[in-house]
Amino acid sequence: MSDKKYWQSFGEFSESEGFKQSAQNEFREDLPMEASLPADKQGLLDAKTPRRDFLKYLGFSTAAAALAAGCEMPVKKVIPYVNKPDASELIPGVAGYYATTYISGGNAIPVVAKVRDGRPIKLEGNELSSFTKGGTSARVQASVLDLYDGARLHYPIQMVNGDPQEVSTFEAFDKMVGEAMTGLSGSLVLLTSTINSPTTKQIIGEFLAKYPGSKHVQYDADSYSGMLLANEATHGKRIIPSYQFENAKVIVSLGADFLGTWLSPVEFGWQYVQGRKIDAKNPEMSKHYQFESMLSMTGGNADDRYTHRPSEAGAVALALLAELSGGSSSSSSLSPKLKAGISKAAKDLAANKGKALVVSGSNNPNVQIIVNAINEAIGANGTTINWGKPIQTHAGVEADMNALIADMEAGKVGALLIYGVNPVYDYYDGEKFKTALQKIKATVSFNERLDETAELCKYSIPAPHFLERWGDAEPKAGHIAMIQPTINPLFKTRSFEDSLLKWSGNNTSYENYFLQYWTKTLGSTEAYEKALQDGVVEQPTVALAALGFNNAKVAEATAAIGSIKKGGNLELVLYQSVAMGVGNQANNPWLLELPDPITRANWDNYAIVSPKFIKQESIPKKYRFDLSKRSEADKFEVHPDRLVIKIKVGSKEISLPILPVPGTPDNVIAIAVGWGRQSAKPENTSEFIGRSVVGAGKNVFPLISFNGVTAEWSVSDISFEATNETYPVAQAQTHSSYEGRNEVVKELTLEDFKKSPNEILEEREEELKPYGGLEKFEKEGTLYGVYDKPGIHWGMSIDMNSCFGCGACVVACHAENNVAVVGKSEVLRYHDMHWLRIDRYFSGNLEDPDDIQTVFQPMLCQHCDNAPCENVCPVAATNHSSEGLNQMAYNRCIGTRYCANNCPFKVRRFNWADYSGADSFPNNQDANGVGHFDPVVFQMNDDLTRMVLNPDVTVRSRGVMEKCSFCVQRLQDGKLKAKKENRPLKDMEDVRTACQQACPSDAIVFGNVNDSQSMINKTRAENKQRVFYALEELHVLPNVNYLAKVRNTEKISESVNEK
Amino acid sequence: MLHYRLIAKKLFYILLFAVVSISGLRAQDGKALFQANCASCHNPIKQLTGPALQGVTSRVTDKALLHAWIKNNIAVLGTGNKYFNDLYVSFGKTPMNTFPNLSDAEIDAILNYVETYKAPTAAPADNGGGGTKDQENDNSLLYGVLTLILAVIMFVLLQVNSSLKKLSDDKEGIPAMEPIPFYRNKVYITFVVLILFVVGGYYVVQGAIGLGRTKNYQPEQPIFYSHKVHAGTNQISCLYCHGGAWESKHAGVPSLNICMNCHAAINEYKGEALHREDGTTVDGTAEIQKLYSYTGYDVKSGKYTEPGKSIEWVKIHNLPDHVYFNHSQHIRAGKVQCQTCHGNITEMSEVKQFAELSMGWCINCHRNSKIDFPDSTGAGNKFYSIYEKFHNDLKNGTIDSVTVEKIGGTECQKCHY
């Protein structure tokens, strides 16, 4: 080393004092404390007040403040009306009920809105509707939360450089749009979802008449154009008939998820279970075959289920037709197993002519033509298919939309008014639409939020939520549903109809227009008012109508299907998830957290693959599992991290985590649409579309393929590539098999049930033998005494033959009981709060998708009369009522969680964190203090969203246990109603739990067991042979019983599990 | 415990002497009918919105006509009856409500009550509750004095004992220890500390239990509204203003249009002098003026000239959020009198919280109150017909009544859910 000295400055060279000083203090810089103090306080920092004094004062003042604040009660004000509106239902604390209608695109479900103190807080099915019979779906139940979504557009806006700017008044907005629409070079086009509202249709007609050359295009994200076109070809009318599943003894579904998402699931659900309910006296039930390419919820309920590749959908239909018309399907290239299934189904269909129905979920008109031919052959036309009452929820065809896009590109469209649709997001060629949209001079959106399409429009005038407006709908011909407002509009919104009326120079408000229209149509004001009160106007029932069938196109369709290319190694199928559908309600926390009925996952979409898929060589070793091996399955289930694969579809690529689901064919990947909502600038998503939706899944609408006529939800040749990444998928249930433990789930075949109807009873007798047998079990099976229930003893019965897993009850329970939404990160830690869950179990050979059988079992607090949770509570916070309720006193609970650990059903839910914001100090949800909360928790807790809370139910705070209460607030209310009216309780009328009311299939019966005439008693007595209690031998004496599942099949699949 | 029992006893008496049951109006119950239907506008001997009613049967001798008038005065006015038309004009053409639902028997009962009504003389004797309370205070004082005397006696005796012991020790020659003054005597110190701990602990616990309880809370309200004048002197039915109590969980505070039903006509106060709790006099007429300023009413023109604004009353009875309480359950199904929980409201110029509103207080009442259980005659709420066991027990004489507790009224989820 040389002694050579390097220097940077002369100071350094000479080692001057100044340099040494500055080198020493190189990084020192005093905070400008003194400078910030006022002149008279200078020197304060040098004062001899040591830290200890400071702490002393701090401690004292905190203690004093706490004491002072704690002892003083806040002054509460009570502020009455100045002039109370003269309406008897406006009594504070008493709920009013208004009939109205849930609207989403063309779908309409009549509902009754419960309005408490001016706020709609819960929707119930409208039982006056013969269309839905009072049923609802998860999406209907959740829609009340959309009303309070702060991400909805608050006022009319104009987009200026991608930035929404408020337009102060509607007049200013009208003027602005009026100017934009004058002197257009092209035509004016209205692009809407399917409109089946009589008044809206008329208003649109009048509007179009005012603007010569304008036209109206209807578009549906879930297109049924295949059916529309096929029906036009074979029956001469471009309509969709209604279906009567209740008349069908044999139902064959070719990939149609008619209980979950296909066409009109709420209606079909009720119809379907009419043939599934079974009693011992007359043990008959319908037979349901499902041919599909993925395990849908409907497939999970099928008696016989066969899987095929998506590209074989047409061939399956053809083979079925061939079998029925005397030919044989042997010529086709389908697998022998599939062929056997088809010929079995065909035999059943042929044997039940006039009492059979075939439906298909395909959007290929040729396939639908074949299905029509099949239905013609089995005599469904006019028996199970009713052409007299078409379903009018879907009228859009791709040809119209494509023509519109072509016009837009060619500059032929001068103005585009968009209402209720979001094609930039959900059209298969959304990109093309997006580019074309920018060429239009005047674009106006009426969508309720700045969604992917609206943010590209120049003007947006938000339409109100259906709970804030007038309107009507005719989802099925002859079934009119009325919409009336249940709350004043929360934001500065104006209905689409009002805008059209105004812009067509009509100064009537839509409200008046609506009133005049219906008063005239119905004949009198009284009739109009009755229609509003009932919420539905129904034409007298007309006989089922057939429609002539034209055979001419069948040969052509057969040829076209014959020429469909064989699928590649891997095929893709896209589907709508039961919770999310096409994504209209994407920012709805209740739906986001609703576990999928099949995968039990929420908060995301994912690539569903078969269990064999993750065994293959191309999967990295770390993520390769053989789920049929117990040890590997355990490893797989414990970690929520799932391998991400890159799926290549033509030129498009998408990365998604994989989730193996039994029942999926080996060469198929299935992905749900309706997820992955995102603004053009991703950072705007939270503000424009919603806080909760950020990061939830990926959009796969662009993967939909176009066959030249219609969009098809499958792709016949795709490839994939494993990545090194993982992505956590939140599942509310990870173990999927009940391991043949029939103490939990009891099922048997119809044949067995006919042969020995007492099989279940005998099984129970066998189980309880060591404890005294069925007869003496209650008294002898325990050391504890038996307590009597004078008066009322609540009980619930759940029919597993009727429950098909739709999840309406789960969301209804959320809404009724203020159940918290915890967000994905908490679900990943199994902190989900669902009081009611629908357990899904598989049985059968994991590797044979056709052998898989699925069971849905709603699981809620069983309100055990000898409850193990009650005995272990150190503070008696949970105890039993004389009415048989397992009570939970939140304010007594100290959070030991012993009860949850001792609950055999695992239905108790612990508030691990302050999900509801109910704790008293303001920063309690501070991410620094309690860990990470997802944005959804904050969305649920803002003051607007909190308006949805049920004021009769306590909002639980951190550290307490909660669980199903049998909707005790409803029980108390029903009892009080009866007491006030000086009469005994009316069974099934005064008291109904939220889940029971929401159920579209009447699977849940609830009532007073002590009343010998009650429905619950009758149900249990009439179905004595099927009654069972989950884990009965534990002698917990549940008050919830199940009715064993009867399958109309040859055998109950056994789980094949390598130990 | 003693305290609870006393409260319970008090409640029991109040229940027993409950004047009327609101829903069980019987035709002969003229007073109740009068209060429910007429008292908001009429007084038997004083002119309010409507005329003083006493002597009406002699003024209108035609009984049928009088009944017709009460049921539907508009129809009678229409017939051109001179007496009633004159009356109508003299009361500023303020229309009277119609009562088509009153039966003839009920009207007779009302008229009978009106004619036999006598102005209440002097303040009625204390309702019994107060007396019990005084007694309770006396007792505790007595016990305190006794305890003190006994403690002093014990102290003296202990001193005497130790002196005697010392004397005897001296006598027997046992060397006496250095005498310890009593304030350094460990026994005494321990004893005092123990007593302090027990007494202090008692008060701390009592204080802690009392946290958040606001018995006797009597805030100042924006308007000096006297329940004594309205519900006491003028006998307006509670439900006239607090109608929510009949239907809803909330009794509710009346909207201002309810006030103006009467006060559009009554614009000055001419009754007995009003006093605040601190003894200061209140000008009743000025308080009515305050109402007008809230409603925007102009007395001279008899019109609402300005937009109304709400009165922000201070809420007196507050229950924690985790308690579900329903007024209609108690007064309609349970037939509990308002006074049971709200005290003698007809004597309160300014309302104060009468009851503790603590859980123990609720539970005690639920333990002791009998429900409206159907008896052998069939009277009582038919809802309870499902309680077969209790019917049998009553028949057998195993029990003599069914309390709220028996049907589960003390279980957690009757009030907490």
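For the cross-link pairs A:K337/A:K565; A:K389/A:K986; A:K779/A:K1024; B:K63/B:K118; A:K980/B:K290; B:K249/B:K370, the ones whose C-alpha atoms lie over 31 Å apart are A:K389/A:K986; A:K980/B:K290. From the alpha carbon centroid of the stretch A:800-846 to that of the stretch A:682-723 is 25 Å. Partner shielding of B:404-414 amounts to 6, given as the average count of beta-carbon atoms from other chains within 10 Å of each residue beta-carbon. Spatial offset of the stretch A:618-649 relative to the stretch A:249-290 amounts to 35 Å, using the alpha carbon center of each. Expressed in Å, the radius of gyration and Dmax of the Cα atoms of the stretch A:683-727 are 15.5, 39. When each of the peptides A:376-384, A:799-807 is scored by how many other beta carbons lie within 10 Å of its residues on average, the order from highest to lowest is A:799-807, A:376-384.
Explain nothing, just the number: dipole magnitude of the stretch B:30-116 about its Cα centre with +1 on each Lys and Arg Cβ and -1 on each Asp and Glu Cβ, in debye rounded to the nearest 20.
Its charge dipole is roughly 220 debye.
Taking all Cα pairs closer than 8 Å and separated by 6 or more residues, the relative contact order of chain A comes to 14 percent. Evaluated over the Cα positions of the stretch A:824-875, the convex hull gives a direction-averaged projected area, one quarter of its surface, of 6.4 nm². By the count of neighbouring beta-carbon atoms within 10 Å, fewest first, A:R946, B:R184, A:R116 end up ordered B:R184, A:R946, A:R116.
For B:I174, neighbours were defined as the other residues whose beta-carbon sits under 11 Å from its Cβ, and their charges (Lys and Arg +1, Asp and Glu -1) total 0.
By the count of neighbouring beta-carbon atoms within 10 Å, fewest first, A:F777, B:F325 end up ordered B:F325, A:F777. Restricting the stretch A:239-320 to trypsin sites (Lys or Arg not before Pro) that sit in a DSSP loop and have at most 12 other Cβ atoms within 10 Å of their own Cβ leaves A:K281. Please report, to two decimal places, log10 I(q)/I(0) for chain B at q = 0.06, 0.08, 0.11 Å⁻¹ as given by the Debye formula with identical point scatterers on the Cα atoms and no solvent. Listed by q, the Debye log ratios stand at -0.40, -0.63, -1.02.
Oblate is the label for the stretch B:223-320. Its Cα gyration tensor axes, ordered a ≥ b ≥ c, give a/c of at least 1.5 and b/c at or above a/b.
Which entries in A:K277/A:K979; A:K629/A:K698; A:K215/A:K237; B:K71/B:K309; A:K215/A:K520 show an alpha-carbon gap greater than 24 Å?
From the list (A:K277/A:K979; A:K629/A:K698; A:K215/A:K237; B:K71/B:K309; A:K215/A:K520), the Cα-Cα distance tops 24 Å for A:K277/A:K979; A:K629/A:K698; B:K71/B:K309; A:K215/A:K520.
Each part gets one Cα centre, and for the stretch B:170-204 versus the stretch A:504-553 those centres are 95 Å apart.
Residues A:V694, B:V299, arranged from fewest to most other Cβ atoms within 10 angstrom of their Cβ, appear as B:V299, A:V694. Local charge for B:R332 was computed over the other residues whose Cβ lies under 15 Å away, with Lys and Arg +1 and Asp and Glu -1, and equals +4. The charge dipole of the stretch A:996-1039, taken about the Cα centre with unit charges on the Cβ atoms of Lys, Arg (+1) and Asp, Glu (-1), comes to about 100 debye, rounded to the nearest 20. Assign one of three labels to the stretch B:135-197, namely rounded, prolate or oblate, based on the Cα gyration tensor with a ≥ b ≥ c the square roots of its eigenvalues; rounded applies when a/c is under 1.5, prolate when it is not and a/b is larger than b/c, and oblate otherwise. Oblate. Look at the alpha carbon pairs under 8 Å that are at least 6 residues apart: their mean separation over the length of chain B gives a relative contact order of 18 percent.
Extents of the stretch A:784-924, taken as max minus min of Cα coordinates on every principal axis and listed largest first, are 51, 47, 26 Å.
Hydropathy first: keep DSSP H helices in chain B averaging at least 0.0 on Kyte-Doolittle, then drop any whose Cα extent along the axis falls short of 30 Å, and list what survives. Span-like helices, by this rule, are B:129-172, B:186-210. Summing Lys and Arg as +1 and Asp and Glu as -1 over all other residues whose Cβ lies under 10 Å from the Cβ of A:D850 gives a net charge of -1. Debye-formula intensities of the stretch A:423-545, expressed as log10 I(q)/I(0) at q = 0.13, 0.19 Å⁻¹, are -0.71, -1.08 (one equal scatterer per alpha-carbon, no solvent). Cut-off under 20 Å on the C-alpha distance; same-chain residues fewer than 8 positions from A:K776 excluded. Which aspartates and glutamates are left, in chain and number order? Leaving aside aspartates and glutamates fewer than 8 places away in the same chain, those within reach of A:K776 are A:E743, A:E759, A:E762, A:E763, A:E765, A:E766, A:E767, A:D788, A:D865, A:E1032, A:E1033.
Given their separation in residues at 0.36 nm each and the Cα-Cα distance between them, B:T94 and B:F197 gain 30.2 nm when the chain is fully extended. Taken over the C-alpha atoms, the stretch B:372-414 has Rg and Dmax values of 10.7, 33 angstrom. Take each residue in B:324-331, count the other chain C-beta atoms within 10 Å of its C-beta, and the mean is 3.
With Rh defined as the Kirkwood radius, the inverse of the mean 1/r over Cα pairs, the Rg/Rh of the stretch A:565-731 is 0.97. In the protein assembly as shown, the DSSP-assigned H stretches of four residues or longer account for a calculated mean residue ellipticity at 222 nm of -9500 deg cm²/dmol, using -39500 (n - 2.57) per stretch and the full residue count as denominator.
Taking a ≥ b ≥ c as the square roots of the eigenvalues of the alpha carbon gyration tensor, chain A is rounded, as a/c is under 1.5.
Long hydrophobic helices in chain A, taken as whole DSSP H segments with a C-alpha length of 20 Å or more on their own axis and mean Kyte-Doolittle hydropathy at least 1.6, are absent. Close Lys pairs in the stretch A:81-194 (alpha-carbon distance under 25 Å; sequence gap of 8 or more, or different chains): 5.
Computed from the coordinates by the stated procedures, all read-outs in this text should not be read as laboratory data. If you're wondering where the values come from, they're calculated on a predicted model, not measured in any experiment. We place every Cβ from the backbone using ideal geometry, glycine too, and count neighbours over all the protein chains shown.
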